[in-house]
Amino acid sequence: MTGIAAPHGRNKLCLYVAAAYLITGYLGLKAPSFGNNITLLWLPTGIAVAALIRLGYGVFPGIWTGAFLVNLLIGTGTIPAACIAVFNTLAPLLTAWLLNRSRFNTAFSHRRDVIFLIGFAATGMLISASGGVGTLWLADLIPSTVVTEAWYVWWLGDTVGVLIAAPFMLTLTQRNYQQLAERPTEVAIFFPLLIAVSWLVFLSPWGKHNIAFLSIPFILWAGLRFGITGASMTVMTVSAIAAWGTATDHGPFSLSHTSEALLLLWAYITTLIAISLILTALLAESRKIAAELRLHSLILQNMSEGVQLTRAHDSIIVYTNPNFEEMFGYGPGELLGQHVSKLNAQSSKSPLEVAAEIDAELHLHGHWSGEILNARKDGSEIWCRVAISKFDHPDLGLLWVAVHADITQQKQTEEQVHFLAFYDALTELPNRRLLLERLKHHIEEGKRSDAHLGLIFLDLDYFKQLNDSLGHDAGDALLVEVAARLRKCVREGDTVARLGGDEFVVLVPNLSNNIATATEDAHRIAETIRASVEQPYSLGDAPYVCTSSIGVDISRQGEIDLRSSMKRADAAMYEAKARGRNSICLSYSENECPIRYDGD
């Protein structure tokens, strides 16, 4: 409902409404049914309802004024005219209020809007019929013998008037007018043909042959081609000609019994109105659904994520959007009919096992989200973040809607960040941070046993001279080769790390509970390392020999003092250097037996 801001504007609108009411009312009373006051179709009431809905309740004085003047013009006394005008104002006010309360859509975009208009128009017009006929009877303008029939004619005339005029007035918009203007030739053919057929049916001698059905194709034609406004104009034209023919005893409804004739006329007009309004409402609903489907299709087609629909009962893919196909390297429609496991990459679990686990979660909870390692058509791997939810399709049944986002680059970045945080970039060995993390883990593990742990520190002999003589590239190549040899010298579960420069550390956990046996095992590993490191390297034109100095600390794994153990191993390594290099020195915690290997 539109409010009216200024009194001047309100008065102007009231004047327009009064004029429209007066003109249409005066013309309508030219075809009377009962005396001078009651007509077959009372279009002013429809205009009043439309004005109240579109312009606001503030125009009700214009409705009263128009109703009052039209009753004066036909000879009704001043007081009866004023009373009738009150009831003719209250009736559309109630109808408009009920429609506004029901969230009635003036575009008739839903079938419920048609039902609301018919029901509330019939309800509101009870006031005008009862008050108007009662006033005429009290003023001795109609005899008591015709009160019932007069009330019946008044109520139906007002109700049908609302159903004819209100849709036209409510839908008279620029857009709807444009729909008519876009087809000038068709409109120019349609309306003359409509008037000709309506004359044939309701005013010509042929009308006695009950050919009223000839108007129905025009209602359908107008509804399909000209929209709600064109359909309303068509119904208004047919209804006016039908009412005039019935009032002048022409056409299929000119029966000897007046009540029966009027009932048939109003039933016919109401049917035409219902057909036109329901047809346009259905068209509006279908257009809305089609627009929504186009919008949804455009959204799916242009989403940056890949979207896939899978049947819930057999995990068969039934839809993929273009971005999904591009993401996985498939052509349009190639994945349709394929099992969803076709997308999963081979890992510790087979693609079918991965698909089965996700499917079980979906049937249990109705949704799933997580990260999946998938495979493109060419076999390359792609990491996807996937969110899956259920959708009950009216034709295909229960579907799983999966939205895929390619996070391969993100995963690679995360792996690179993790690598730089925990590994040495040159040798790809664990760095000091990861070494300490693993050492802490082994300490916690050792609290449940009496095992020993060996910490082997290794430093390359004369490494600085190599850098100075052959350059840093040769030094880097040597470090990479030493790292590769160290990996081959240790057991599975041992850790080889580079602390920096030419310093390496080997962590040997879970040695024997016996200190002597643990020492023998640690020394054997250290000797394997020493012997491997001193083998010649190919760094230039001639073989290059590099030796190492190794310090080993043996401690109880669950009781080790990290800082002290590393300090002792480092001190043992420097002792090996002091004793001539290319040797091994062992150290122990203060609680262990003082057995020492002094080199070889």
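The values are calculated or read from the model by the stated rules, or taken from the named source; none is laboratory data. As the structure is a prediction and not an experimental result, all values here were calculated from the model. Positions of Cβ are backbone-derived with ideal geometry, glycine not excepted, and every protein chain shown enters the neighbour counts. When the accessible area is computed, the model is the full protein with side chains, heavy atoms only, and any ligands, DNA or RNA have been set aside. Shrake-Rupley method; radii C 1.70, N 1.55, O 1.52, S 1.80 Å.
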Cα-based helix-to-principal-axis angle, 60-73 vs the chain, degrees rounded to 10: 20 degrees
Binned Cα-Cα distances of region 420-556, short to long, each 10 Å bin given as a whole percent: 12, 42, 31, 12, 3, 0
Ranked order, Lys411, Lys488, Lys342 - accessible area, probe 1.4 Å, largest first: Lys488, Lys342, Lys411
Modelled FRET efficiency - R0 56 Å, Tyr544 with Arg175, Cβ distances, 0.05 increments: 0.05
Alpha-carbon centroid distance for the pair region 437-460 / region 197-259, whole angstrom: 102 Å
Per-residue SASA entry for Ser538, accessible area with 1.4 Å probe, Å² rounded to 10: 120 Å²
Other-chain or far-sequence residues with amide H under 5 Å of Ser587's (modelled H): Val552, Asp553, Ile554
Cβ-based charge dipole, the chain, positive-most Cα from Gly306, Phe463, Gly134: Gly134
Degrees, to the nearest 10: 432-446 long Cα axis against longest axis of the chain: 80 degrees
Where region 176-283 is the region considered: accessible area per residue in Å², 1.4 Å probe: 45 Å²
Residues of type lysines that Lys390 reaches as a straight line, Cα spacing below 20 Å, ignoring anything fewer than 8 places off in the same chain: none
Given [x] 54, 35, 25; [y] 55, 27, 21; [z] 102, 26, 21, the label whose value is semi-axes √(5λ) of the Cα gyration tensor in Å derived from this model: [z]
C-alpha long axis of helix 43-55 to longest principal axis of the chain, angle in °: 30 degrees
Restraint check, Lys411/Lys447; Lys440/Lys567; Lys447/Lys577; Lys447/Lys567; Lys447/Lys488; Lys464/Lys577, Cα-Cα greater than 24 Å: Lys411/Lys447; Lys447/Lys577; Lys447/Lys488
Modelled FRET efficiency - R0 60 Å, Ala405 with Asn105, Cβ distances, 0.05 increments: 0.95
Whole-percent carbon and sulfur share, accessible surface of the chain, 1.4 Å: 59 percent
Surface per residue (accessible, 1.4 Å probe) for region 389-493, Å²: 58 Å²
